Structures are given as structure tokens and as C-alpha cells.
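The values are calculated or read from the model by the stated rules, or taken from the named source; none is laboratory data. What you see is a predicted model; the values in this text were computed from it and never measured. Cβ sites come from the backbone with ideal geometry, for glycine too, and all protein chains shown count toward neighbours. We work out accessible area using only protein heavy atoms, side chains counted, and drop any ligands, DNA or RNA first. Shrake-Rupley method; radii C 1.70, N 1.55, O 1.52, S 1.80 Å.
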Amino acid sequence: MEYVVEMLNIRKEFPGIVANDNITLTLRKGEIHALLGENGAGKSTLMGVLFGMYQPEKGQVKIRGKEVKIANPNVANRLGIGMVHQHFKLVDNFTVTENIILGSEPLKGITLDIDKAAKRIAELSKHYGLNVDPHAKIEDISVGMQQRVEIMKMLYREAEVLIFDEPTAVLTPSEIEELMKIMRNLIKEGKSIIIITHKLKEIKAVADRCTVIRRGKGIGTVNVAESSEASLAEMMVGRHVSFKVDKKESTPGEVVLKIDSVSAKNNRKVMGLKNFSLEVKAGEIVGIAGVEGNGQSELVETITGLRKMESGKIFLKGDDISNIPIYQRIEKGIGHIPEDRQKRGLVLDYTLESNMVLEVYKKPPFAKYGLLNGAAIRNYAKKILDNFDVRSGEGAASIARTLSGGNQQKAIIGREIELNPKLLIAVQPTRGLDVGSIEYIHKRLIEHRDKGNAVLLVSLELDEVLQLSDRIAIVNNGELIGVVNAKETNENEVGLMMAGVSKESSV
Ligand SMILES: Nc1ncnc2c1ncn2[C@@H]1O[C@H](COP(=O)(O)OP(=O)(O)O)[C@@H](O)[C@H]1O
Ligand SMILES: [Mg+2]
């Protein structure tokens, strides 16, 4: 068996954590190899070692059978290794061609011939079906196209081993299909690929073998054709998980949230939300589907009062709340699981106990005659933390900062649901959670709905939106493209709408 890459018994430590503990991964020539693991499992670190960004404390790397020391990314390039990072490294106001030759190793004394480079890029583009325009400016092209420019960069440098770090996170469903097609083309031309992902469906669709790591340790390598999604998930989290969201038909009641022609500027001071209207009723979950940065944050922030709107009105149970302060909105029954849990969700230097009563500590039974009732607060916090299985070193007394991201998230969700808000706005509620916790959070959101509350779900995970929502509102470029019934739609239709293709009949 010919291996192009052998990473043997790799150990890489960061202060206080062993990110890679004795991990072995081998890549065959011409295969697509998936690297699977939960957030924080150590995947990017392992690929960083292969790409020369980190030096391992222990272990061996062999390329085409020969032991090598990959001191930096230039050495990796010379060895024929390329990487597309999670966050692209492109210069916005440069053209595709300029970006691709930028950082290429200097040609011996000759000035770069842009036209020649552009011609070569056009040829490569055609050959691999990448469809990139060498003369387009980065700022004018879609994220999917930018990713293909990153792929082109690797091909231009004649990389043989291509590493993709979570490439589908930023793509629409149709762009994902396109990427899979491109990967298969690359393999046909003799390239070998490592793709990092935690999406099982994608692994089944495209990968030959899969190496699973969990908390920095190698769990095993399997043939994908012989493995089910369930068995891969079990390897990833270490126990059995169920994927199906069980929910009964919704019975929507009165309108809880009414958004009426709201426009708001984004952080760059241009309209990020345009004339947006939507209703969410009691007893239903309305999901917002869209690619990141298409108006979701502006929408949520205008409802919660964190962002000023330029025009339009927002009503909660018929009351105009467009101009009332944040705390009054909370008092009127808006709960918010924020996008940025560290900035908005928790006070990181407070104990968990204090964090659990942030919105209510001034009220009885937590405060009386201006004095805090420590025992009442402690009991209340403890109940939430137990219910939501929030794991920490010292229970309610732990400082929020010391918890893992997933446990911080569970604490916030528990706190918000405990207040039983009439409108719960859940933004990326399961980001960074393992599949087991996801299952649990989904159940609780549906329970909240079934108690007759309205839930507005904003998620970048299309699967999550499709599974949890009763109705789905699709946003693109700050505009509402349409609203569809979750039961009557599918990934393709919603995907098209996410790309801006509107549908004739909306509900
Ligand atoms: N540059 C770094 N410095 C310190 N800790 C890091 C660094 N990069 C990653 N880590 C830590 O190492 C662990 C593995 O991270 P990473 O490889 O990024 O995981 P994954 O890509 O699987 O989500 C995490 O606990 C992370 O916080
Ligand atoms: Mg990563």
C-alpha cells in the first residue's frame, strides 16, 4: 500500500492541554480521507502539524515514505502539501490572479508575468472544473468562489496532498455539492485529500476512509463504506446517539412576535436588514435559514433591543416594543440565547450561580428589602445546572470562564428556558456541542414550544433548521426571500432560496 502521508504517534501540546495525544493518520494516494471529531478534538492542530504550522513534541511525519521535518508552511508547500484554512487568507481588493501568485515562491530573478499566470489559472480552472475568473476581484465574488480560489492556489503550486479544514461550514447546500464534485475531480487527477469535518453526511458522501479523534486521542480509522452514520457518531462522542428530532404537529395560537417592515444598518453602516416582516405564533418554532452574515444578527439584535432600527415596528403580543429598552423587553417575556455566548451570554468572571440569576436577582425570592438571599439563589442555580447537565469543577461556585464552551452554552440555555419566556430567540443554540447535547437541547426547545411559547430559531446548520422548525424563513442579503412550511420543503429548495432564488408561493 502506497501512503503519501504518514503521521505516526503525533503528540502536540499547548499550555495546559494535550491537543494531540499519540495520534496516527495515514493517507493513501488518490483517496479522500475524512478527519472526524467534535469541536476541540484536535483536528486543526493535527493538520497544522502536517502543514508546518506547529512542531510536534513527539512522533514522526513521512511523506511518500521518507521521514521529513516540516519546519514551516513553505516547507510543506515544497513537499507538495497545500491547505485551505477555515478562514480564507485572501486579500479583498486584489484579483484572483494576484492572490494566487502572491506568496508563491519567488521566481529566479524574473518579474512575475501576470498574463501568463492568468492564462495558467484559466487552464487549471477548466481542467478541474473550478470555474474561477482569473481577473475577478475577491471582494466581488461569493464565498464559495473564494474557496475555489484557495483550491486554485494549491493547484497552482502543484500540491499533491490537499487539506481542507471544515470547508463546508461557510457554503450553501448547492455549493457543498459542487465542492464534492470538485474533490472527486481532484482525486481522478491523482491528488490525495484530507477533509476535516464533523458532518457525518458529508463523510458518507465523499470519503473513502475516516480517522476519528476524540479529546486529542486517536479512536480509530474505518472504511466509510462499511460504517454507518450512527457508528461514526458513536466513535466521535463515545456513546450511542439518536439523530431524529421527535416532535408532534404544532398547534399555533396567537401571534407573539410581529416584525413589520423593519430595516436596520449593519456594523459597516449599510442596510443589513431590509424591509423585513415576519410573524411567530405561540406554539410554533420559526427557523431562520441563511448563509452567515445575511442579516441574521441584525434581525435578532433589533428584536432584543441591542440594535437601533432605521424604520419599521416590532410588536410583542400586540404591544409595540420598537423603542423600549432591553430590560423591559426581557420583562415582557423575551428570552435570548445569544450568538456570542462569551460576550453577551455570560459574565465570564462571575460564578455560575451569579450568572444563573443575571436577569432576576433583584426580584423576590432572590432579593428582599434590598438584600440578596444567597440560599434561594443557590437552589435556583443548582436546579438549572442539574437539569441541563452543566459540568464544571465546582458546581454552582465555578467561575464561568473555567467551563468548556459546550457547558457554558448549556448553562445559558438552561437559564433562559427556566424563565419561561413567551418568545425565545435561540441563536445557534447547539454550536460547539456534541451530538448528545444537541439531542438534549433540541428536546428542550420543542418542549418550550409545546408549552405554548413562540420560538425563533436562528441557525447556520440547515439540518437543524429543517428538523426543528415548523416554518422556515429564508434570508439573503438582508431580505426575506420567502417563508415555507418545514414539512413541505427540503434541503434543495431552502438551499436555492438561501442563494437568493425566491419562490413564487410563500406561506
Ligand atoms: N494555538 C493554540 N494555543 C493554545 N491552545 C490551542 C491552540 N490551538 C488549539 N488549541 C486548543 O487545542 C485543542 C484542540 O483544538 P483544535 O485542534 O482547534 O480542535 P478542532 O479543530 O478539532 O476543533 C482545543 O482545546 C483548543 O482550545
Ligand atoms: Mg478546527
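Here's the yes/no breakdown for (1) in contact (Cβ under 8 Å) with a residue 24 or more places away in the chain; (2) open to solvent by 10 Å² or more (accessible area, probe 1.4 Å); (3) β-branched (Val, Ile, Thr); (4) within 16 Å of ligand 1 (Cβ to nearest atom):
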position: Glu57; (1), (2), (3), (4): yes, yes, no, yes
position: Gln60; (1), (2), (3), (4): yes, yes, no, no
position: Gly65; (1), (2), (3), (4): yes, yes, no, no
position: Ala76; (1), (2), (3), (4): yes, no, no, no
position: Gly82; (1), (2), (3), (4): yes, no, no, no
position: Lys89; (1), (2), (3), (4): yes, yes, no, no
position: Asn93; (1), (2), (3), (4): yes, yes, no, no
**Message:** Looking at the range 335-355 only, could you name the residues that are open to solvent by less than 10 Å² (accessible area, probe 1.4 Å) and part of a strand (DSSP E or B)?
**Reply:** Gly335, Ile337
**Item:** Members of the range 20-43 found to be of a type in the set (Gly, Ala, Ser), surrounded by fewer than 23 Cβ atoms within 10 Å (Cβ to Cβ) and within 11 Å of ligand 1 (Cβ to nearest atom), listed by number
**Value:** Gly40
**Asked** Can you pull out the helices (runs of 4 or more DSSP H) entirely within the range 422-507 that have at least 2 residues that are within 21 Å of Asn294 (Cβ to Cβ) and at pLDDT 90 or above?
**Response** 462-468, 491-498
**Message:** Among the numbered criteria (1) buried (at least 16 other Cβ atoms within 10 Å of the Cβ); (2) at pLDDT below 95; (3) more than 16 Å from ligand 2 (Cβ to nearest atom), which one does Gly16 miss?
**Reply:** (1)
**Prompt:** Only one of Ala233, Ala225, Ala264 is away from ligand 1 (no atom under 16 Å from the Cβ) and either part of a loop (DSSP other than H, G, I, E, B) or open to solvent by less than 70 Å² (accessible area, probe 1.4 Å) (or both); which?
**Reply:** Ala264
**Search result, residues across the range 201-222 that are within 16 Å of ligand 1 (Cβ to nearest atom), assigned to a helix (DSSP H, G or I) and either touching a Lys or Arg at 6+ places or on another chain (Cβ under 9 Å) or among the charged types (D, E, K, R) (or both)** = Glu202
**Message:** For the structure I just gave you, tell me whether Ser227 is in contact (Cβ under 8 Å) with a residue 12 or more places away in the chain and away from ligand 2 (no atom under 16 Å from the Cβ).
**Reply:** yes
**Request:** Could you grab me the full set of residues in the range 453-481 that are open to solvent by 40 Å² or more (accessible area, probe 1.4 Å) and on the phi > 0 side of the Ramachandran plot?
**Result:** Asn477
